[in-house]
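To start, the structure itself, in structure tokens.
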């Protein structure tokens, strides 16, 4: 594959902008070569997923970048870290791990990125415009920025997102190109009941199904209600990026560039069409629960993966009313959303009900759930997928209303009538 | 058979062919090199030292960081055979090279060829040739 660097790219590579930019450019160019990109594309913004501590190697890389004088060249936001910096003392890290996690978060800020600490930067003021080329990490954020905002990024791994931010360039292949954004798979939801499609719990399940079927193939989804809101699309994309490698889906009639099916397909025939049946959907839903079927035990409830939005907090407050939770309930969110719900007066009544609000991180990436693993109920397809391996908790999946009802009852309480 | 060389190198090891997609983040424990997702069919198998065949990518973009950490701890596979080139796992190897760690070869091969590889010891050569190791087993 021939690969063309511009004179400006070449200058970066040769150190004209310092050794950090040169190292970043070597990595960007190598990624371009391995993915068969023909060139690099300038990017307008970046979202970095490298601030979560997975081991000392990532800290050493970020600190190497700083030692070489590295700075981001475009507006850049930060994904979650491993610590809730606003509410210290809630995690059970050993002191060494906590210190390294803090070092990585400090290094990420020192590179010039905004301390947003959220996996939903698109709900914390970072919303690229339609058609903008960007360099984003974090699989749910990639799915959202491509699908819901119509900006363009590939699924960038940790480190590559940082190198793109430092160079202001990304390998130009895949989802940066019109031809690769065309849907090749059609998933038709129109045979499902309207009642099911109106349910919030439908969207993560549809996403889990999509990821399992599509892998990294772009799918067009037909039959979704025209008023499907962005929190539902966020939940769909996050689940699809957990069970598969989905970087873009097209919700026909809803998301940008997809006013109708023919446009989403780029005028071509799809390679495959799937007419969703209630059975297929129930099978996808049941994958999200690993706890013993028939048991109504729950030990904790967690919501907010991706990070809870202000409208989601309003829904939680409405469903909770004056009730009290009988098990610990966690909502993970961004500082930006927490500040907003404080202004709206929602924080205090929710905390009185028994809610623990976590910012900057989440309960599936940091040890914050009760020390003794048990059963975790969630409305998040992403939590449902990652909690068993990351926390040791078994999962029960339900709608937000089911989660609240279960937290109040202290046992699993689900309304499954729409699924049959 | 011959794959497209993503990361050059030679290696040998026992084949571990994943029968379901795996996200390294949330799926491989970087402290042990074992598959840690209890739902995965190869749950609890160690990937350390294997020629790891991954027909389909999945999941988190943090898998680059898990790959780097596995390399830094000496717990990485001997080689990666990917059904689909992926800027996530191979990138962990690129960064490991920048940081001065030993690297491992990564190749892209059609899924049908990955399925045809016989079990047992496999060698990967610098030019991308993948073959069952000859008679001697170590």
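Where a number appears in this text, it was derived from the coordinates with a stated rule and is not lab data. Since the model is a prediction, treat every value here as computed from it, not as a measurement. Backbone-built Cβ (ideal geometry, glycine too); neighbour counts: all protein chains shown.
Each peptide in A:379-385, B:46-52 was scored by the mean count of other Cβ atoms within 10 Å over its residues; highest first, the order is A:379-385, B:46-52. Spatial offset of the stretch A:229-246 relative to the stretch B:79-138 amounts to 31 Å, using the alpha carbon center of each. Taking a ≥ b ≥ c as the square roots of the Cα gyration tensor eigenvalues, with a/c under 1.5 meaning rounded and otherwise prolate when a/b beats b/c, else oblate, which class fits the stretch A:300-414? Oblate, since a/c reaches 1.5 and b/c is not below a/b.
Just check the stretch A:7-178 against the gyration tensor rule for me: Cα atoms, a ≥ b ≥ c as the square roots of the eigenvalues, rounded for a/c under 1.5, and otherwise prolate or oblate depending on whether a/b exceeds b/c. Let's see the in-between values first.
Details: a/c = 2.12, a/b = 1.31, b/c = 1.62.
Because a/c hits 1.5 or more and a/b fails to exceed b/c, the stretch A:7-178 counts as oblate.
Shielding of peptide A:387-393 by partners, expressed as the average count of other chain Cβ atoms within 10 Å per residue Cβ, is 4. For the stretch B:4-132, the relative contact order works out to 34 percent when only alpha carbon pairs closer than 8 Å and six or more residues apart are counted. Calculated mean residue ellipticity at 222 nm for chain A: -11500 deg cm²/dmol, from DSSP H runs with n ≥ 4 weighted as -39500 (n - 2.57), summed, divided by the residue count and rounded to 500.
Using R0 = 35 Å, the C-beta based FRET efficiency linking residue A:96 and residue A:44 works out to 0.35.
Shielding of peptide B:83-89 by partners, expressed as the average count of other chain Cβ atoms within 10 Å per residue Cβ, is 6.
For the stretch A:182-287, what's the relative contact order in percent, using C-alpha pairs closer than 8 Å and at least 6 residues apart?
Details: 194 pairs, mean separation 42.6, N = 106.
The normalised contact order for the stretch A:182-287 reaches 40 percent.
Counting only C-alpha contacts under 8 Å and six or more residues apart, can you give the relative contact order of chain A as a whole percent?
Working: 938 pairs, mean separation 69.0, N = 420.
Computed value for chain A: 16 percent relative contact order.
Among DSSP beta bridges whose residues both lie in chain A, state the antiparallel percentage, nearest 5. Bridges in chain A are about 10 percent antiparallel.
For the residues of A:239-246, the average number of beta carbons from a partner chain within 10 Å of their own beta carbon is 4.
Taking a ≥ b ≥ c as the square roots of the eigenvalues of the Cα gyration tensor, chain A is oblate, since a/c reaches 1.5 or more and a/b is not larger than b/c.
Find how much the distance from residue A:188 to residue A:260 grows on full extension, using 0.36 nm per residue of separation minus their present alpha carbon separation; answer in nm with one decimal. Walk me through the intermediate numbers first.
Numbers: separation 72, 0.36 × 72 = 25.92 nm, distance 1.29 nm.
Working it through step by step, the gained length comes to 24.6 nm.
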